[in-house]
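Throughout, read-outs are computed from the coordinates displayed, never taken from laboratory work. Being a predicted model, the structure only gives us computed values, none of them experimental. Positions of Cβ are backbone-derived with ideal geometry, glycine not excepted, and every protein chain shown enters the neighbour counts.
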Amino acid sequence: MQPADQPVSGLGAYDELKAVRAELDKCMRCGSCMAVCPIYKTDKIEAGVARGKLGVAEAVMDGTLALDDQEVMSMLFNCLVCKSCMQSCPTKVDFARIMLALRAAIVRKNGLPWLKKAIFSTLKHQDLFDSGMKVGALLSGVAFRSAGQKAIAPRSPFAFVGKHAGFDEDRLLPALAATPLRARVPELIQVEQPKTRVAFFTGCSMNYFYPETGEDLLSVLKENNVEVAIPKGQGCCGIPVFVHGDVETIRELGRRNLDAMDRSGAEYLITGCGSCGGAWQHEYNEIFSSDPVYGPKAAYWGARTYDISSFLVDVVKYRRPQGKVDSVVTYHDSCHLKKTMKVSREPREILKGIPGVTFKEMSQPDACCGSGGSYVLTHWGTSTEIATRKVEDAARTEADTLTTGCPACMMQLFDNVHRFGRQGQEVKHYISVLAESYRNEKAAQ
Amino acid sequence: MLDKAIIQQLAIIVGHDQVLTSKVNLTTYGYDATADVPKGTPDVIVLPTSVEQVQSVVNLARKHGIAIYPRGAGTNLSGGTIPVERGIVLSLQKMDKILEVDAENLTATVQPGVVIQELNNAAAPHGLMYPPDPGTVTTATMGGSVAENSGGLRGLKYGVTKHYVMGMEVVLANGERVRFGGKTVKNVTAYDFSNLFVGSEGTLGIIVEITCKLLPSPKYRRAMLATYSTVEDAGNTVAGIIKAQVIPATLEIMDNMTIRTVEAFAHVGLPLDAEALLLIEVDGMAEEVVEREAEAVVKVVNANKGKLRVATSDAERDGLWAARRAALPALASLNNTVVLEDATVPRSKITDMLLALSAIGRKYSLVLGTFGHAGDGNLHPTILADKNNLDEMARVHMAVDEIFATALRFGGTLSGEHGIGVAKMKYLGNEIGETGLGLMRSIKNALDPTHMLNPGKLIPAPEAHVLAEVAHATR
């Protein structure tokens, strides 16, 4: 037996910090990350950008700074993990791995802060989470006023209290669905003579906030003769907790999701969210790399995971829609969809193939929107400045519809288009535009 | 550590949020992009947003004898921004406004924190560009690149930063602000202060505004890539192109070590047995002129036994450029420390220098690849080493000594574009001699008698008693 505090060899980056040392050495401090880092662009200080964070990481590993120093921790969490820096890094430093390894090391050392602990432990118990979300849907009327279709804004006493966290009267959030997506649909949607069977991993945002988007995605699969399993046993992908360093919870969530998909009998796994899809393609492989049971399962499903757009364009060769959608559309590349799943061509191809759609590219379509999952809650000021640049870029295209491929981005864009962008510009998942075209096609028949 | 009262006064000057003192921040401003130089730790980082604030900070620092290290994006390769003696890092990144693009006079006026690419983006709608093109164009600031007189890939045809600076405003060590130069093409009023402050590496004053020249962007360009079985053939091609009176915008060279590393790294289809490679791009406003120049280049390449690939589309051009762009990342991927030099020789000595560099690598048993701007004689011998291997690092230092000695022997210079900073200061006298050092000291002592601006860079710091005498004499 080795003492618990001794480093154990053979462990990955998320169990042992020193495993990232070689990765850290790859950084030559050139600062190329400054060109793309959304936080650096906003704050213009070194501690915001990857080069600075890696400098601090080195100081931590050399022992000149303490990992659980309050300043170090707050710097480590001032990062969206959007991976933009990794796209422009000449020496291909896996910054996200180093960042998440550091966060995991903090959690190993100090445990999760009580608040995070409380949130994440709810995620582990899906039934509890479900009922919590239901209560949330009911109670949201107390704290939030209805602000038009499917939107809510904080009511005045709450808005006053929440002002500093961004919950002011102007804040628009999607309303929690009274019935989440997975409660609306059967576990298997059959079609006649199916081309193939896929499993749909809904993800939380689509399940709880945007079930209509999920229904659009399912309708598109149906139009293409694809049978869909929506296994009930699935839950959160785990990325929201993983980015906070909680490796154990994502492992637990991952095991449950992998088991659920194993029972689906599907050939492919489909996602409509870059973060969820990225988890299936990459993170599960990494966190289970030394797990003899779940390692192979993660590898199996990782290789079969597709964003709905790549599945349609590259796998089933989807049927081109005939229904007209008169709309000027622009597209925001969600970070995890483009930078983790490498999907950017396919959604554009789908949008451009819809009759009536005029596609207009915005400047820097792959610049982060500033959501970063919970980053928008913890660093509202920076997040909003980043989002403002994004919705201004989107506004300059004069598009009436701003599409993206990730529900978390949709939330962020929806709120900020309303505040700083082109008034009346709709925010949609690109799949909803395709679904609309199929619907219009039928209506015209 | 600085007195708390001073930190408070700084906060009064620039605002509390623009003064950084946390351990994390002090760590992240302790280095720049330079490898193998000691890190520093400042006492405080100050981020002014106006010229008045810069003046007040300078006055406060002077009063209390605190060093100031002006800093842009910290992308330089000579240790020019490292706070070697504690003190104040003065980051000018928040003074980042493009004050004007004047298409009628072909000028732009910018604050120092503007990123070079941002200026290009602002000039592009007018059909204009800011030609200096350092590898860090998307990150480096105008202030930093003017202070370092940076060069880049277009130096041969378009020149370097100093050829584009027409005027500035500078805060001097005595706290006064002075403007000189302007928008006129011709200006012989007073000393040529612009050329004094360009490349002064933050040692003479703090650049707070720059007026620079813009050029119409070329409308046509033609890229070619030639590979050679001997370095001599490549060198003769460079000489031949110039002799044929073609001035390419880009004329880049890579040695065999770099070619093999790039191919292994990026798989761009380079022949592994090629001893040298040239990337050549001609550009201009008229298609037929560009065509004619490209034809002349092809003739010279063929006459020197080069194997040629000519890009016929933007995609093919990107393919050719991919090899050049991969040079530094590919080499850097070989080890944890990248010692990137910029010894420069007259164009006619390119072949000799390349052969000498390769011999130096062998002599010290080091991994050494060379690429660079053959057209202007500015080479980048790049040594890849393990910083934890003390024996290897000792050999790196000997090799670097020899590289500089060789460049000077060929009538070249220590630095074509990276600057002297801390990294090359010890070699300075070898190039400019004792009288040259004396002239530098005279200028430095006249403008910054207490050596408070970027001390320990470019010019060796004087002994303490000399400093005291200078300070006394100028009081």
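List of remarks:
- Whole-number D in µm² s⁻¹ for the stretch B:169-231, Kirkwood Cα-pair radius fed into Stokes-Einstein, 4 °C, 1.567 mPa s: 84
- Charge dipole (Cα centre; +1 on Lys/Arg Cβ, -1 on Asp/Glu Cβ; no other charges) of the stretch A:17-110 amounts to roughly 320 debye.
- Stokes-Einstein diffusion coefficient of the stretch A:17-110, Kirkwood radius over Cα pairs, 10 °C, 1.306 mPa s, in µm²/s: 121
- Across peptide B:134-141, the average count of Cβ atoms from other chains found within 10 Å of a residue's Cβ is 4.
- Rounded to two decimals, the Cα radius of gyration of the stretch B:338-440 over 2.2 N^0.38 Å is 1.05.
- Computed Rg/Rh of the stretch A:327-444, alpha carbon atoms with Kirkwood Rh: 0.98
- R0 of 41 Å, Cβ-Cβ distance B:Thr230-A:Val293: FRET efficiency to nearest 0.05: 0.10
- A simple spin-label model places the labels of A:Gln87 and B:Ala103 3.0 nm from each other, with each point 7 Å out along Cα-to-Cβ.
- The stretch B:27-68 residues near the modelled B:Glu463 label - backbone nitrogen below 15 Å, point 7 Å along Cα→Cβ: none
- One compactness figure for the stretch B:213-329 is 1.04, namely its Cα radius of gyration divided by 2.2 N^0.38 Å.
- Computed log10 I(q)/I(0) for the protein assembly as shown at 0.05 Å⁻¹: -0.33, from the Debye equation with unit scatterers placed on every C-alpha and solvent omitted.
- Bridges between two residues of the protein assembly as shown, per DSSP, are antiparallel at a rate of about 70%.
- Maximal additional length on extending the B:Asp386-B:Val289 stretch stands at 30.1 nm, based on 0.36 nm per residue less the C-alpha distance.
- Calculated on the Cα set of the stretch B:1-103, radius of gyration then Dmax: 14.0, 49 Å.
- The residue among A:Met410, B:Thr21, B:Asn149 whose Cα reaches farthest toward the positive pole of the charge dipole of the protein assembly as shown, with charges on the beta-carbon of Lys, Arg, Asp and Glu, is A:Met410.
- Separation between Cα centres of the stretch A:376-445 and the stretch B:145-200, rounded to whole Å: 45
- Label point distance in nm, A:Lys109-A:Lys442, each placed 7 Å from Cα along Cα→Cβ: 5.7
- Sequence-distant lysines (8 or more away, or on other chains) whose Cα lies within less than 16 Å of B:Lys387: A:Lys26, B:Lys39
- Taking every alpha-carbon pair in the stretch B:183-279 and binning the separations at 10 Å intervals from zero gives 12, 27, 19, 25, 16, 1 percent.
- Violating pairs (Cα-Cα greater than 30 angstrom) within the set A:Lys342/A:Lys390; B:Lys94/B:Lys162; A:Lys83/B:Lys97; A:Lys222/A:Lys297; A:Lys83/B:Lys426; A:Lys83/B:Lys219: A:Lys83/B:Lys426; A:Lys83/B:Lys219
- Entry note, the stretch B:220-409: relative contact order of 26 percent, from Cα contacts under 8 Å with a spacing of 6+ residues.
- Placing a label point 7 Å from the Cα of A:Asp262 along the Cα-to-Cβ direction, the residues of the stretch A:281-309 whose backbone N falls under 18 Å of that point are A:281, A:284-305.
- Rounded to 0.05, the FRET efficiency of the A:Ala22 and A:Glu392 pair, given R0 = 51 Å and the Cβ-Cβ distance, is 0.80.
- Geometric descriptor of the stretch B:425-474, per residue, is 70 Å³ (volume of the convex hull of the Cα atoms).
- A full extension of the chain between B:Arg409 and B:Met393 corresponds to an added length of 3.3 nm, given 0.36 nm per residue minus the alpha carbon distance.
- At R0 = 51 Å, FRET efficiency that the Cβ-Cβ distance of B:Leu439 and B:Ala5 yields, to 0.05: 0.85
- Between amide H atoms placed 1.01 Å from N, distances below 5 Å from A:Thr196 occur with A:Glu227, all of them 5 or more places distant or on a separate chain.
- Proximal lysines to A:Lys352, defined as alpha-carbon separation beneath 17 angstrom and excluding residues fewer than eight positions away on the same chain: A:Lys317, A:Lys324, A:Lys360, A:Lys428
- Taking every DSSP beta bridge that has both ends in chain B, the antiparallel portion is near 85%.
- Bridgeable aspartates and glutamates around B:Lys444 (alpha carbons under 17 Å apart, same-chain partners fewer than 8 residues away excluded): B:Glu148, B:Glu176, B:Asp192, B:Glu201, B:Glu434, B:Glu463, B:Glu469.
- Alpha-carbon geometry of chain B: the Rg and the Dmax are 22.9, 71 Å, given in that order.
- For the stretch B:98-216, the relative contact order comes to 32 percent (Cα pairs under 8 Å, sequence separation of at least 6).
- Chain B - percent relative contact order, Cα under 8 Å, separation 6 or more: 15
- With the simple spin-label model, which puts each label point 7 Å out from Cα in the Cβ direction, the A:Arg320 to B:Lys63 separation comes to 7.5 nm.
- Calculated on alpha-carbon atoms, Rg and Dmax of the stretch B:220-409 in Å: 16.6, 56
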